[in-house]
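Below is one structure, written out as structure tokens; comments come after it.
The values are calculated or read from the model by the stated rules, or taken from the named source; none is laboratory data. The structure presented is a predicted model; accordingly, all values stated were derived computationally and were not measured. Cβ placement follows ideal geometry from the backbone for every residue including glycine, while neighbour counts extend to all protein chains displayed.
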Amino acid sequence: MIKKTIVLFALVFGSITSLVLIAHGLRPINGLGGITSTDKIAVWAVTVVLLIYYLSLEERPQLAPSMLAIEKENNRAQDKPAVTFEDVAGLEEIKEELQETIDFLLNPEKYRRMGAKIPKGILFHGPPGTGKTLLAKAVAGETNAGFLYASGSEFVEKYVGVGAKRVRTLFERAKKEAPCIVFIDEIDAIGTKRNMDSNNEKDQTLNQLLVELDGFNTPDTVIVIGATNRLDLLDEALLRPGRFDRHIYIGNPNLLAREKILTVHTKNKPMDKNTDIKAFARKTTGLSGAQLANIANEAAIIAVRNNKSYISAHELDAAIERVVAGLEMKNPNVLLKEKRTVAFHEAGHALASKLLGTEVVQKISIIPRGQALGYVLKYPEEDRYLMTRKELENRIITLLAGRAAEEVVFNEVTTGAKDDLTKATDIARAMVCNYGMSSLGTLALDEVYIRYNYDTIRLEIKSITDRAYREAIRLIEDNMHILNIIADRLLEKESIDSQELDMIFKEKSKSEDYAI
């Protein structure tokens, strides 16, 4: 602003001087007789330069007016995505569900003749990395429709009205490019629940979005797809039929889906012919599609690092450990005493898991990875959707068996069981508050009851974990001979795979029975 004022003053002064020189040229004025033609040209040149500079300042407004007056188009548009349903593996049921949407965009008149209306909005929700964005791109790729992508955070601004204007701009553009798919990723950034005390910019943006979703009473074939990881945060008005008619949950893939996803992500990589993809799909229970893609990529990187021309089972195993357990510490500075404690701790986990049959032990290691000094890689024999009370109690026993082994062997406990205690407490809390598996009876407890009866609930949780801990100590004491063998083997070799663990139990069962 100061710069503009100075330039304007100089421009006015130069203009006045120029006028004086013009007057002097027409009629000589006393005191200006010494002014030459060169002086007149110089003053005129300076005046013209100042005028041009002043006009350039006018064309460059300040930051705040620029954001309000000249709204830039933040909603990124993409050409027709190259992704199709062939590139999306493991989501067969959801792809089948979306076929109606695709058919409507391709043949809208067929549905209009029957008086049918296609859903105006489809909401994908579920954990991160399960393929929500990929599915939206695949729908656009299958239909030859336009695809407009926007992130929820792009509509959030501190200036009042900017977010609502961006929403209007996005939907106006979608109607012009119909048939078109509008994909709003992380829609919870603008779609969170409103309350009576707030009337901020985010609420106005949400109100505009609600109006635009309701405004599709035209024949334009425009479909809105939203994606979020937090369905519970969204406003009820956004979720009702007429706006987002269909809510599709996209969870972590099952065994068959994991096998297909791994196949897709390894098809362009040189794989060993003897590699069993299904076996690795079994080892990756609970992992998302993004994590499986990361495993395939990490396996390729490890193969390059080892100067190999193909990816074998060894690289895939190493990639699973890298993704699940973390980065391996090459030169760990661990005391021998701590190493021995870790060996018995991990041996306790493996022993309990093997005896109770909760999960298949894939590998036991005392090589530090990430923040853990040791770990046991486990996976269930098959995907489970229902768990019995006994199975949940056995999982708690397995989690607490490491701490129990420390107490039995060293008559002392360490801080190494922090993560185990957290997971065991979470399972016990779910048994009490969600599953009705306690003495409180068959009821699910809401947050209000938990808040005002926390002591009662805490005692119930403690009762479950204490009972499981006593059982873990009994298992360790009754099978000390096997525990010592596993721990000694770990101290000697630092890691044991599932085959070697099976051999230990098989050899011991020939000489004497182990207690369960």
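One residue stands out in region 440-472 among those that are hydroxyl-bearing (Ser, Thr, Tyr) and without any contact (Cβ under 8 Å) to a residue 12 or more places away in the chain: the one that is surrounded by the most Cβ atoms within 10 Å (Cβ to Cβ), namely 449.
Restricting the first member to region 415-437 and to residues that are on the phi < 0 side of the Ramachandran plot, and the second to residues that are assigned to a helix (DSSP H, G or I) and modelled with pLDDT under 90, the beta-carbon pairs closer than 8 Å and six or more apart or on different chains are 433/450. Within region 169-190, is even one residue at pLDDT 85 or above, of a type outside the set (D, E, K, R) and under 30 Å from residue 319 (Cα atoms)? So far as region 169-190 goes, no, none of its residues is at pLDDT 85 or above, of a type outside the set (D, E, K, R) and under 30 Å from residue 319 (Cα atoms).
Tell me, which residue of region 224-262 that is in a loop (DSSP other than H, G, I, E, B) and more than 30 Å from residue 282 (Cα to Cα) is modelled with the lowest pLDDT?
Let us first name the residues in region 224-262 that are in a loop (DSSP other than H, G, I, E, B), namely 229-230, 235, 240-245, 250-254.
Subsequent filtering for residues that are more than 30 Å from residue 282 (Cα to Cα) retains 235, 240-245.
On the way: 235: 85, 240: 86, 241: 84, 242: 81, 243: 84, 244: 87, 245: 84.
This residue is 242.
Could you pull out every one of the helices (runs of 4 or more DSSP H) wholly within region 394-489 that has 2 or more residues that are within 21 Å of residue 359 (Cβ to Cβ)?
On the way: elements: 418-433, 447-452, 454-478.
Result: 418-433, 454-478.
Among the conditions (1) in contact with a His (Cβ under 7 Å, 6 or more places away or on another chain); (2) free of Cβ contacts under 8 Å to residues at least 12 places away in the same chain, residue 376 misses just one, which is (2). Meeting the requirement of 3 or more residues that are outside the structural domain of residue 490 (by TED's automatic domain parsing) and polar (S, T, N, Q), the helices (runs of 4 or more DSSP H) wholly within region 288-377 are 289-305.
Taking the stated definitions as given, is residue 396 farther than 22 Å from residue 282 by Cβ and under 26 Å from the mean Cα position of the chain (by Cα)? Working first, answer last.
Values: farther than 22 Å from residue 282 by Cβ: yes; under 26 Å from the mean Cα position of the chain (by Cα): no.
Taking the combined requirement at face value, the residue does not satisfy it.
When region 323-349 is filtered for residues that are at pLDDT below 80 and closer than 16 Å to residue 485 by Cβ, nothing remains. Every condition in (1) in contact with an Asp or Glu (Cβ under 7 Å, 6 or more places away or on another chain); (2) over 25 Å from residue 346 (Cβ atoms) is met by residue 429 except one, and the failing one is (1).
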